[in-house]
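Here the structure is laid out as structure tokens; the discussion comes afterwards.
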Amino acid sequence: MSDETLLRIGILIAGLFVVGAILFFGRPRKPGQGRRVARAADSSGSRREPTLGEQLEDEAAADSAGAAGEDPTAQAELDLFERSLDGAAGTELGKRVSDEFDKIVTVYLAARAGQKLHGPDIVVAAEKAGLVYGHMGVYHRLIEQQPERGPVFSVANIVKPGNFEMGTIQELETPAIAFFLTLPAPVAALDAWEAMLPTAERMAELLDGLLLDEQRNNLGRQRIGHIRDELRAYDREREAPPLSKPSRW
């Protein structure tokens with residue numbers, strides 16, 4: 001099996017976790033499902049949406065029951081998202097202010113067939129693209145002079161555990177890195193995408209890599225247009241005022 005085929009299979013599995021989290025967003029969890037201890041409901045009785053980490057953990061547990069072994073790329077995606085929402089030891093720079101989410105948009109930057117992306121090159125490219133190394137040991141795009149609002153988008157390694165460990169960055173090799181935009185973001189969804197796309201394109205140029213969409217196909221103009229349309233609709237829905245109740249005569 002060629003390196004390119006292995007890469008595509010790995011990215012497919014990782015992408016399925018992200019897509020699965022979106023498809024199952026808001027689905028009620030069965031009593032006792034997963035390994036987490038349920039959090040108490042707030043005093044208002046309002047429903048808290050399950051976090052991405054919780055959903056990915058549940059889906060991974062269900063999938064692994066019939067699997068022959070653990071796939072490192074898929075597990076890296078699970079670990080990354082769960083840790084980024086739950087919080088991990090280390091710097092808070094780039095940490096999300098809330099674990100609530102509605103949608104995730106993912107773009108992969110993959111090495112060409114037979115090649116790998118190397119740690120030192122990734123560091124240089126990320127710095128040239130204006131990214132900041134921070135929370136979770138991954139890179140983030142932050143709002144200038146307002147880093148406390150959280151990441152506009154983040155960039156992680158698809159290989160377990162998903163971070164860029166600076167102590168061993170010289171030896172790091174990976175088939176791909178992932179740009180992921182978790183909504184709601186600290187800016188409008190379309191604005192966040194318009195910040196993420198050129199950053200991914202710039203890093204792909206610097207690293208001589210290929211940009212792939214969430215279905216591991218080349219990220220072409222048509223798919224980019226569809227993503228923009230989806231995010232415009234997302235922004236419109238969030239800005240629309242609630243329907244007023246009909247007045248009584």
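Since every read-out is calculated from the coordinates, none of them should be taken as a lab result. No experiment lies behind these values; they were computed from the predicted model shown. Note that each Cβ is placed from the backbone with ideal geometry, even for glycine, and that neighbours are counted across all protein chains shown.
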Legend entry - Within region 219-234: backbone nitrogen closer than 15 Å to the Asp191 label point (7 Å, Cα to C-beta): 232
Inset, instruction - Tabulate in residue order the Karplus-calculated ³J(HN,Hα) for region 91-100, using 6.51 cos²θ - 1.76 cosθ + 1.60 with θ = phi - 60°, rounded to whole Hz; enter x for Gly and Pro. - result: 5, 8, 5, x, 7, 5, 7, 8, 8, 7
Legend entry - Separation of the Asp208 and Ser98 label points, Cα + 7 Å toward Cβ, nm: 4.5 nm
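Taking 0.36 nm per residue of separation and subtracting the Cα-Cα distance, what length does fully extending Ala233 through Gln115 add? Could the numbers behind the result be given before it?
Values: separation 118, 0.36 × 118 = 42.48 nm, distance 3.81 nm.
Extending this stretch completely gives an extra 38.7 nm.
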Legend entry - Cross-link table Lys95/Lys160; Lys128/Lys160; Lys103/Lys128, entries beyond 23 Å C-alpha to C-alpha: Lys128/Lys160; Lys103/Lys128
